[in-house]
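Undergrad: This is the structure, below, for whatever I ask next.
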Amino acid sequence: MKWWTVMASSMLVAITGGCGGQEKHYTLQGQVLAKDEAAGKITVKHEDIPGLMPAMTMPYRVKDPFGMKEVQPGDAIVADLIAANGGKDYWLQSIRITDESGRKTAKPHIRHALKIGDPAPEVPFTNQDGKQLHFSDFKGKSVLITFIYTRCPMPEFCPRLSSQFAKIHEDLVQTPADYDKTHLLTLSFDSKYDTAPVLRKYGLAYLDDHPEGFSHWDFASADPADMRQIADAFGLDYFEEDNQISHSMDIVLLTPEGKIAQYWSNEWTTAELESSLRQQAKSSIGHRGPKG
Amino acid sequence: MKGLAGSTAIAFCLAAGTCGLAGCGSADHGEELYDLHCAACHETSNPDLKKQPPKLEGLFRAKTLPSGAPATDEQVRNTIIEGLRTMPAFQGRLSVTDVNDLIQYLHTLK
């Protein structure tokens, strides 16, 4: 990355057995985009990590109290990335700040521009059948929305999100009363590639080839300007680079009135999402979630 | 990760990016691409995923791919570029050379 002029030119990757025998150690180089001290996390736009993942932007837990205190959005850093438990658990430690000049131009991170109870924006998007939709089209149902792109290669990101939504869909099929009062919506950041036919094909894979499932789960994309508006409204981060889209992991729940009921960022369980969706379908009153 | 198969001569040809018995490409570069783009799904169990991606050892030794399609370079190339079912497409993110190198490396997985 061009602006990381102070960084070492080569990436040193150390893969060791670790003290617990299951830890792998990598070197992460990147720029800090956001810092959440309360959650003990920083979001880093980082370079390729050979043997682990391609360049992308993602949040990392930090096990380095001093580093967490010192690092600021805009900083270029080098840190040790520890992956444990088969890659399911990972964190940063030994954070070294290599360039602080980015702090001056770092944009303040604004999460969730719309507050709980605010109506969802009236922005058009196009579903897997080429039909133009708005969030208001789902009024009368509680709506769980997530954000992906179909070419996302990271199993812990978009494939996981779509798999979780597939599980929720399958569960709701078993309870018609809740099925009729709920809706799932998967919105793609990548309107250029994720056209209606691509989204239909992608959706069918998660619907076990049952196209009738689209009446309960839409897969859609919006024009870039419209998607940016949606992202700003819901406080999503995303940008495209080298045909890959780096994005935050977010889920939004709408009330049957089309208002924001709850946000999740980075952390949730499928059971938690499903329970909230079902509960919201039975209530018209928005509430602030535990991570909202 | 996986060792190169075949004789030293073949291994040299593959590493040099020339055409070997199984096609054209650099298996060394293919291995780097595999570790970067494929291993996270195909080498690791991901219980959260709707479908577990198949292991790719012996991919070209069987007559058919896990999908049931013929185990040919062309079929694997199409799968990498266009994706298949829940596997993401790599169109626009891997060059023609990258895909050739990746296929060359997949041929070495026994």
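Undergrad: To the nearest 10 degrees, how steeply does helix A:224-234 sit against the main Cα axis of chain A, on a 0 to 90 scale?
TA: On a 0 to 90 degree scale, this one is about 90.
Undergrad: Then there's this: Given the pairs A:LYS139/A:LYS201; A:LYS115/A:LYS201; A:LYS167/A:LYS282; A:LYS24/A:LYS259; B:LYS51/B:LYS110, which are separated by over 32 angstrom at their Cα positions?
TA: Distance filter (> 32 Å) returns A:LYS115/A:LYS201; A:LYS24/A:LYS259.
Undergrad: Right, another one. Decide, for chain A, between rounded, prolate and oblate: order the square roots of the alpha carbon gyration tensor eigenvalues as a ≥ b ≥ c, take rounded if a/c falls under 1.5, and otherwise choose prolate if a/b is larger than b/c, else oblate.
TA: Taking the square roots of the gyration eigenvalues as a ≥ b ≥ c, chain A is prolate.
Undergrad: With the crude spin-label approximation of a point 7 Å out along Cα→Cβ, what separation in nm comes out for A:THR175 versus A:ALA225?
TA: 4.3
Undergrad: Return the loop-located trypsin sites (Lys or Arg not before Pro) in the stretch A:84-171 (DSSP other than H, G, I, E, B) with at most 16 other Cβ atoms within 10 Å of their own Cβ; answer none if there are none.
TA: When the trypsin sites (Lys or Arg not before Pro) of the stretch A:84-171 are filtered for loop state and at most 16 Cβ neighbours within 10 Å, A:LYS88, A:ARG111, A:LYS115, A:LYS131, A:LYS139 remain.
Undergrad: For the stretch B:31-110, what's the relative contact order in percent, using C-alpha pairs closer than 8 Å and at least 6 residues apart?
TA: Reported relative contact order: 33 percent.
Undergrad: Return the distance in nm (one decimal) between the two label points of a simple spin-label model at A:LYS282 and A:PHE239, each offset 7 Å from Cα along Cα→Cβ.
TA: 4.5
Undergrad: Express the relative contact order of chain A as a whole percentage, based on alpha carbon pairs under 8 Å and six or more residues apart in sequence.
TA: Rounded, it is 17 percent for chain A.
Undergrad: Once both axes come from the Cα atoms, what is the angle between helix A:270-281 and the longest principal axis of chain A, in degrees from 0 to 90, rounded to 10?
TA: 40
Computed from the coordinates by the stated procedures, all read-outs in this text should not be read as laboratory data. In this text, all values refer to a predicted model and were calculated from it rather than measured experimentally. Here Cβ is always computed from backbone atoms with ideal geometry, including for glycine, and neighbour counts include all displayed protein chains.
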